[in-house]
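K.L.:
Below you will find the structure I want to go over with you.
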Amino acid sequence: VLMQRLNLEQALEKSNQELAKLANYDALTTLPNRTLFSDRLEQTLAKARRTNLSVGLLFLDLDGFKLVNDSLGHSTGDLLLQAVAKRLANCIREEDTVARLGGDEFTIILNSLENAEDAIYVARKVLGCLEKPFFIEEHELHISTSIGISTYPQDGYTTEELLQNADTAMYHAKSSGKNRYHFFTPELNTRVLE
């Protein structure tokens, strides 16, 4: 009876771990999902308030990803997203977070920046990481990304403000020719509202 109870407790523990993983991680890429991203950004902002350091948020949207899905199929698109996720995870610091928000949208939380310009280094590094071709099944794929950057405290104090502002900057980068980064500015917000 004791052995059965122990086995049951182990099975329950494993089940709880699986549920936590499903709730916090993207099933396709194994990166943190939107829920865990929001939690980590909240924690990062709380730390930044105590230490008077900046936080950077990069919002990435893959350029031309729809074409990959439409021409080569969703299974190839899924494999490409997995490969992109691995490259992104390998080009950031251990204390930073890469998350997949959904579709072909990713975010990167940059902890404890000395100044907002440090985000430029990471944005350039990300662009460089993605410029090498991806070999998916029998296809050689070239993909780039448009990146929007917002920073705490300059561009917002909350998760929602920073995410919205980075998203706005990303759309400006995409409309300016793709494969580039752009910082959020209040003028961009005015244009969006108009």
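K.L.:
Measure off 7 Å from each Cα along the Cα-to-Cβ vector at ASP39 and ILE120, then give the distance between these two points in nanometres to one decimal.
P.N.:
Distance between the two pseudo-spin positions: 3.6 nm.
K.L.:
Take the alpha carbon atoms of region 22-65, find their center, do the same for region 126-194, and report the distance between the two centers in whole angstrom.
P.N.:
After rounding, the separation between the Cα centres reads 14 Å.
K.L.:
Same structure, new question: Say the dipole of region 134-194 comes from +1 at the beta carbon of Lys and Arg and -1 at that of Asp and Glu; which of GLN164, SER176, HIS142 then lies farthest toward its positive end?
P.N.:
Working it through, the farthest residue towards the positive pole turns out to be SER176.
K.L.:
List the GluC sites (Glu not before Pro) within region 81-166 that fall in a DSSP loop (any state other than H, G, I, E or B) and whose Cβ has at most 15 other Cβ atoms within 10 Å.
P.N.:
Those satisfying the criteria are GLU94, GLU95, GLU114, GLU117, GLU137, GLU138.
K.L.:
At a temperature of 37 °C and a viscosity of 0.692 mPa s, determine how fast region 33-95 diffuses translationally according to Stokes-Einstein, using the Kirkwood radius over alpha-carbon pairs as Rh; express D in µm²/s, rounded to the nearest whole number.
P.N.:
Here the translational diffusion coefficient equals 231 µm²/s.
K.L.:
May I pose another question? Mind checking the log10 I(q)/I(0) for region 106-194 at q = 0.18, 0.19, 0.21 Å⁻¹? Debye, one equal scatterer per Cα, no solvent, two decimals.
P.N.:
Results for region 106-194 at q = 0.18, 0.19, 0.21 Å⁻¹ read -0.80, -0.87, -1.00.
K.L.:
Per DSSP helix of 4 or more residues, -39500 (n - 2.57); summed, then divided by the residues of the chain. What does that give at 222 nm, rounded to the nearest 500?
P.N.:
-17500 deg cm²/dmol
K.L.:
For the chain, modelled as a Gaussian network with Cα springs under 10 Å, which listed residue fluctuates most, VAL122, VAL55, VAL98?
P.N.:
Residue with maximal mean-square fluctuation among VAL122, VAL55, VAL98: VAL122.
K.L.:
Just how many % of Cα pairs in region 66-123 lie over 18 Å apart, if you round to the nearest whole percent? Don't skip to the end; give the middle numbers.
P.N.:
Values: 718 of 1653 pairs.
Taking all Cα-Cα pairs of region 66-123, the fraction more than 18 Å apart is 43 percent.
K.L.:
Taking a 29 Å limit on the Cα-Cα distance, which of the listed pairs LYS86/LYS178; LYS47/LYS132; LYS47/LYS174 fall beyond it?
P.N.:
LYS47/LYS132; LYS47/LYS174
K.L.:
In debye to the nearest 20, how big a dipole does the chain give about its Cα centre with +1 on each Lys and Arg Cβ and -1 on each Asp and Glu Cβ?
P.N.:
Magnitude of the dipole: close to 300 debye.
Coordinate-derived values only; no laboratory data. Note that the structure is predicted; figures quoted are calculated from it, not measured. Please note: Cβ atoms are built from the backbone with ideal geometry, for glycine as well, and neighbour counts cover all protein chains shown.
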